[in-house]
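Below is one structure; the comments refer to it alone.
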């Protein structure tokens, strides 16, 4: 009994201690702490922004010429520059086709012309003789006429006879007949002269045609340029109108690129005509960007089947280093927009909503009108939000009413290109690779070698060159 009572006392003490400890606890209600996010903010400051429309295009030659064989035959001579990529000058002889047959035709035509000229001289001499013969017959007729008049006078005075008068009349008639015959001879001689002159003109035409065919056996360069697509070889047989090569003027290049219809309308002036907006063409070559300036020149007259938008052309002012067929990036300056703001694209959602920094650093909903999207930025017009600050990078954790910690001046600084310091061995390998490369234009080589000579070299250029060396 004593043991039982002791155990019950211990248990009751334990329960009482537990209850006393629970009663001694105070139910402390801790206030919930508001979560504050750090965000980058940018100000909507009205300014004038020139939008840049970006597209991709292809370099084309504005002046090209197909070199074709005007006549068929064997190629007996080729210029040393008549090769793929060869540089030729205006008026330079490029190819000669066997001129034997053409030269024979010229000689025959020239001989026929000489013969026709001799016939003309003979016809003119015959005409002169016929005129002299007519003069003699006319003099004989005058003499016979005077003799007849004299016999008639003698007969009227009773001295002459009727027989003598008739004899004189017959002589006069014979003289008239002789004059008529001489006139017919003159007409025949004049007709012969005309025929000879016509024959000479025909023979001259034949000679001119033969000389033209002889001249067609030689192919000359119409302007300074470079040859492409060379197919002719010395000793080869070419057909009439067969293409031998293509002559390209490397100094007259343009860029063709396609834009959407909406983008095209933004490049029109008040009269609906295409403006001559400035254009910047960029060609990426082994880590080095070649930049060229130009202006819009024209647009395609029709939309070809299976395509959309508009095909535009830009004329380049300086095209050193470009070649027809290069794939380039084209940036076109649109007309400037006034009282707009340039903000990061992450600050605006699909419907044009932005988060505006309000009082006590709490966010509010706002709306802007998106005018252009270019690269990682958008051009907006914000009515009533001028000078306000908006969140530069939206996220699902941010919304209206949330308190934030604004961070100003962090986020829009352009990154500097990473530079490397090369050791002598690595630099020498890169220089040797650039100098030995036949695919890099000379202008680009000069620029790359100048960069490789600097103490620090762009890392992206080194990476591209070493990747090419490894391949």
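The values are calculated or read from the model by the stated rules, or taken from the named source; none is laboratory data. None of the values given here were measured: they were computed from a predicted structure. Note that we place each Cβ from the backbone using ideal geometry, even for glycine, and neighbour counts take in every protein chain shown.
Here are a few things to note about the model shown:
- Count of the range 69-107 residues, restricted to those that are in contact (Cβ under 8 Å) with a residue 12 or more places away in the chain, within 26 Å of residue 210 (Cβ to Cβ) and in contact with a strand residue (DSSP E or B) (Cβ under 9 Å, 6 or more places away or on another chain), is 22.
- Residue match in the range 432-444 (condition: more than 33 Å from the chain's Cα centre (by Cα), loosely packed, with under 14 Cβ neighbours inside 10 Å and not assigned by TED's automatic domain parsing to the domain that holds residue 320): yes
- Scan of the range 351-378 for residues that are within 34 Å of the chain's Cα centre (by Cα) and surrounded by 20 or more Cβ atoms within 10 Å (Cβ to Cβ), ordered by number: 378
- Hey, residue 41 surrounded by 11 or more Cβ atoms within 10 Å (Cβ to Cβ), in contact with a strand residue (DSSP E or B) (Cβ under 7 Å, 6 or more places away or on another chain) and not assigned by TED's automatic domain parsing to the domain that holds residue 381 or not: yes
- The criterion of at least 1 residues that are outside the structural domain of residue 266 (by TED's automatic domain parsing), at pLDDT 85 or above and more than 12 Å from residue 41 (Cα to Cα) is met, among strands (runs of 3 or more DSSP E) falling completely within the range 341-409, by 353-357, 363-367, 369-374, 377-381.
- Residue in the range 416-431 that is surrounded by the most Cβ atoms within 10 Å (Cβ to Cβ), counting only those that are within 26 Å of residue 322 (Cβ to Cβ) and modelled with pLDDT of 80 or more: 430
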